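Worksheet: the structure to be examined is printed underneath.
The values are calculated or read from the model by the stated rules, or taken from the named source; none is laboratory data. Remember, it's a predicted structure, so these values are computed and weren't measured experimentally. Methodologically, a virtual Cβ is constructed for each residue, glycine included, from the backbone with ideal geometry; neighbour enumeration extends over all protein chains shown.
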Amino acid sequence: MLTIVNLLLPLLCIGLIGFIAARTGHFSEEHTTALARFVFNFAVPLMLLQTFAGIDLETDLPGSLLLAYYLPVLFLYFLYFFVSARASGIGRSQQTIFAFACSYGNLVLLGMPVALIVFGDRAVASVFFIIAVHTVMLFTVTTLLLELRRATGKETRSVLTSSFKGLVTNPILLGIFAGLLFGSTGAELPTVVDSLSTLMKSAVVPCSLFAVGASLAQHRISGSWIESLCVVVAKTAVLPVTVWVFSRYVFSLDPLSTAIAVFMAAQPVGVNVYIFSQNYQTGQSMVSASIVLSTILSIFSLPLLLIVLNQSLQI
């Protein structure tokens with residue numbers, strides 16, 4: 001438990017600094033928007049370029065594990081997307097962000113380091129591929145839905161054109177696919193590009209969390225608590241339980257693979273959800289509160305989950 005607390009407290013402190021800066025008037029809403037756009041348009045794409053350029057496409061994919069993880073993720077994503085349309089307090093423009101928040105976890109900042117500490121080297125390949133697919137799939141689906149929503153009301157041809165343009169010009173997707181394309185050549189990134197990407201990657205976490213904290217101070221969240229609590233329950237309880245059912249009873253995974261899949265599914269809401277909500281100007285207050293609440297909850301929930309996994313699955 002101490003390991004998880006030590007990983008989480010610095011993240012919460014960065015958000016707290018952003019909150020105080022905004023609340024005291026030292027960081028305006030325009031500053032927050034600009035910082036979030038810097039992360040979305042520049043820092044994250046370069047981080048993803050570096051990450052996916054290093055993927056070995058010849059490595060065997062853990063197919064059953066990925067299916068056990070992502071079939072529930074996709075099913076719940078679209079379930080929440082359609083159900084949220086009927087929920088009071090969630091506008092049509094927030095449907096995609098709500099579904100994204102319920103499905104996208106903090107796998108890189110929290111899930112990966114803790115999983116590698118707890119499960120050791122035997123978990124490296126499984127964790128890596130879960131994270132790789134996690135980013136490509138959910139970023140792509142979310143971007144497509146947001147671009148389609150943005151083009152609503154136009155003629156069909158115009159909608160398709162606008163959506164396609166939004167996809168091919170999306171900085172995050174460009175970073176992912178440029179990295180995959182470069183990685184497929186087997187070459188290494190030029191030293192300058194690699195060093196630049198490393199510097200930009202180091203800015204993603206503090207800048208994102210600072211912007212989240214500032215957003216909490218700048219947006220009215222009293223009307224978003226119900227939606228935020230729904231997101232927290234969906235992400236930290238419903239998703240891991242569903243992944244456990246698929247892993248244990250549908251795909252009959254071994255105990256270690258099941259434990260890895262469930263643990264990764266139980267991570268708090270990922271900070272990149274806020275970057276999307278800020279970039280598309282929808283659901284910022286709901287997402288900010290969800291990230292903070294689920295991260296605080298994970299200080300207690302993740303250690304308890306590891307105890308249960310250790311006892312029931314005999315890792």
Do you know which residues across region 246-265 are over 26 Å from ILE117 (Cβ atoms) and out of contact with any Ser or Thr (no Cβ under 9 Å at 6 or more places or on another chain)? TYR249, VAL250
Take the residues in region 97-126 that are crowded, with 24+ Cβ neighbours inside 10 Å and assigned to a helix (DSSP H, G or I); name whichever of them is modelled with the lowest pLDDT. GLY111
Would you check which residues across region 149-190 are under 25 Å from GLY283 (Cβ atoms), at pLDDT 65 or above and among the charged types (D, E, K, R) and list them? ARG149, ARG150, LYS165
Out of (1) part of a helix (DSSP H, G or I); (2) modelled with pLDDT of 90 or more; (3) surrounded by 20 or more Cβ atoms within 10 Å (Cβ to Cβ), the one PHE27 does not meet is (1)
Looking only at region 56-64, decide whether some residue is in a helix (DSSP H, G or I), surrounded by 14 or more Cβ atoms within 10 Å (Cβ to Cβ) and modelled with pLDDT of 75 or more. yes
